[in-house]
1. Can you put 224, 152, 145 in order, fewest other beta carbons within 10 Å first?
2. What is the distance, in nm, between label points placed 7 Å from the Cα along the Cα-to-Cβ direction at residue 199 and at residue 218?
3. Tell me, in nm to one decimal, what length is gained between residue 242 and residue 30 on full extension, where the rule is 0.36 nm per residue of separation less the Cα-Cα distance?
4. State, to one decimal in nm, how far the label point of residue 225 lies from the label point of residue 151, with both points 7 Å from Cα in the Cβ direction.
5. Testing the spin-label approximation: label points 7 Å from Cα along Cα→Cβ at residue 50 and residue 276. State their distance in nm.
Amino acid sequence: MTSSNGTAEIVSMEDARARRRAAELDPESFPDAGVHLRGVREAAGFTLEQVAARTHIKAAYLKAIEDLDLDALPTRAFAVGFVKTYAEALGLNAGEVVARFKADAGVSAPAEIATEKFEAAEAAASQAERKELSLWAVIAVVAFIVWSAWQISRPREEATPFGLGGAPAPTATAVPLASPPQALQEARVGPTSRVVEPALIEPVEPVYPPRCESEAAAVETVEIAFNLTRGGVVTGERVASSTNSCFNDAALNAARRWRFSPRTIDGEASPAYDQRHLIRFERPS
């Protein structure tokens with residue numbers, strides 16, 4: 001029993017020394033936060049599965065953090081929480097690791113004030129407003145179907161080359177069709193309607209991703225297309241064009257947190273569709 005306990009104590013002390021030596025590795029010697037975490041883990045002798053068992057985080061998520069693969073991670077709040085827990089499990093300064101991970105991944109966030117509650121409330125509001133947009137889309141589609149059926153079924157009068165009764169036939173003007181929600185919205189706008197377009201009231205500057213700098217031009221641009229809910233919340237954000245796809249995620253991350261004054265028609269707030277904004281990324285001097 002004594003020999004067994006003594007051996008266990010020696011192994012435990014060696015493990016503690018290995019973890020301490022791993023935690024003392026210089027973070028600046030690693031190209032990014034993910035590689036730093038991997039290096040510390042391997043130096044401490046841990047496998048991904050061992051860290052997953054200790055932190056209760058899936059090994060696939062831990063690997064995604066080490067690879068800075070944001071597409072393989074859940075929402076931004078969860079990803080940052082995973083990084084914090086991972087760093088603490090390796091005995092690192094969690095705040096410094098999280099800050100570097102945000103910078104390397106092109107993710108900037110405001111001061112953390114009840115982050116989980118804020119994100120949950122914002123998600124619930126966005127979901128409700130998206131349902132409202134979907135309802136308008138259904139109404140527009142149904143109206144279009146009814147109008148098409150009426151056009152097909154109504155009787156046609158035979159016209160001469162000069163129209164009925166010898167009068168010149170009217171000429172047809174081609175009008176481009178808008179998307180159903182946009183068409184329904186514009187139908188409400190009359191010649192005397194007072195329309196106030198949305199304005200950006202809470203801009204969030206994108207973070208220049210350090211991982212993109214080596215292969216980027218002096219100035220790169222990403223054009224973001226998006227819709228706005230009645231409350232001025234960005235939804236349906238997407239990349240319309242980009243000079244360098246490495247900057248797309250950073251641009252989308254910024255656009256998702258923009259807030260606008262709502263578009264109003266005669267004082268009534270309404271959704272706005274197909275808004276465009278060009279984001280410039282200038283190489284740091």
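1. On the way: 224 24, 152 7, 145 10.
Least to most surrounded, the residues fall as 152, 145, 224.
2. With each label point 7 Å from Cα toward Cβ, the separation is 3.4 nm.
3. Roughly 73.4 nm would be gained on extension.
4. 2.3 nm
5. Using points 7 Å along Cα→Cβ, the separation is 5.5 nm.
Since every read-out is calculated from the coordinates, none of them should be taken as a lab result. Since the structure is predicted, the reported quantities are computational estimates derived from the model, not experimental observations. So basically every Cβ, Gly included, is an ideal-geometry build from the backbone, and we count neighbours across all protein chains shown.
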